[in-house]
Amino acid sequence: MFNRRKFLRISAVSASITALSKYSTVKAADLIAPGNLPIVISTWDFGIAANKEAWKTLASGGRALDAVEAGVKIPEADMNNHTVGRAGYPDRDGHVTLDACIMDEFGNCGSVAAMENIAHPITVARLVMEKTPHVMLVGDGATQFAVEQGIKKEKLLTPESEEAWKKWLVKAEYSPKINIENEQRRPGSKYNHDTIGMLAIDVKGNISGACTTSGMAFKLHGRVGDSPIIGAGLYVDNEVGGATSTGVGEEVIRNVGSFLVVELMRQGYSPEDACKEAVNRIIKKKPVAAKNLQVGFLAINKKGEYGAYAIQEGFSFAVCDSKKQDLLIPGKSFYKESK
Ligand code: ASP
């Protein structure tokens, strides 16, 4: 109730600004917030296309929450993307199970995990947030809820995914490779890692985030990683900033990674230093294992400053603001070369 009232009040105050933005988005942004806002950032090279979609909402004065949902739906729908959404690789039993979460500027959040037969988990996560008293729905319950909300059930396992799974079944070895979770890379992409984590700040200076994935290919049936876990794969605090993660989700969950990054920014760390400290925690606890696994964090603070850090070289993130819509930045890393 409080949140809703607050939202309505903010909306009313900003109505004239939104109207202004129809004529000149950049000027409206400059009026509201320091730094180059609005802005959207996201993980990996597929973040470029996702950011561009999110930008349409941000540039017209829309809400960061709407921007991140629209943005991550691009890789979710991409039939060449085997690590997020519709065409994701299955688990070891041949089930495509999807994970996603979303968080807004009021601290509201929603999540789905191990959900089957629904192509856009991020939309279901948002519906969980907005239409239920809960935060997280899993498995059949998540699918049932999606259908009740009018979303069409469909078979997700594509012929390509099925072929890759059958090839994997020959040896049936589960050993995620650094930056290359799946042998089959996306056309034109150097890397083929998975999760899209997206963080946006809108013209009002409000922050939202979204995170969506098909998880680790050929995982155990029922396995859930960090991506749909609030505080692990995604966290937003509108006073401070937001963070998201990609890589081996188990390590992110063990360290409550994204929450840690946001709390470090609250203490004054820059986004990059906060991500670096979160990576260092993982390495400190598992110095031997960390040599062969990848985790990357991406963060943005309230001013729109951003940064990233990963265990291994090869992590990249995409940035989109009024100056440039298709920036891809290599993330700094603890190890300079992937093992
Ligand atoms: N974090 C995802 C998971 O563990 C996978 C990834 O981003 O590489 O499910």
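Here, each number is a calculation from the coordinates, and none is a lab measurement. Keep in mind that this is a model prediction, so the values were computed, not measured. Using ideal geometry, Cβ is built from the backbone for each residue, glycine included, and neighbour counts are taken over all protein chains shown.
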Taking 0.36 nm per intervening residue step and subtracting the Cα-Cα distance, what contour gain separates K291 from E148 on full extension? 47.0 nm
Taking square-rooted eigenvalues a ≥ b ≥ c of the alpha carbon gyration tensor, is segment 186-339 rounded, prolate or oblate, where a/c under 1.5 means rounded and, failing that, a/b exceeding b/c means prolate? rounded
How would you rank K73, K171, going from fewest to most other Cβ atoms within 10 Å of each one's own Cβ? K171, K73
Quick one: which of K52/K332; K276/K336; K171/K219; K291/K332; K73/K276; K73/K204 span more than 19 angstrom between C-alpha atoms? K52/K332; K73/K276; K73/K204
Using alpha-carbon positions, what is the distance between the centroids of segment 237-264 and segment 118-147, in Å? 22
Footprinting exposure proxy for I196, I311 (fewest neighbouring C-beta atoms within 10 Å first): I311, I196
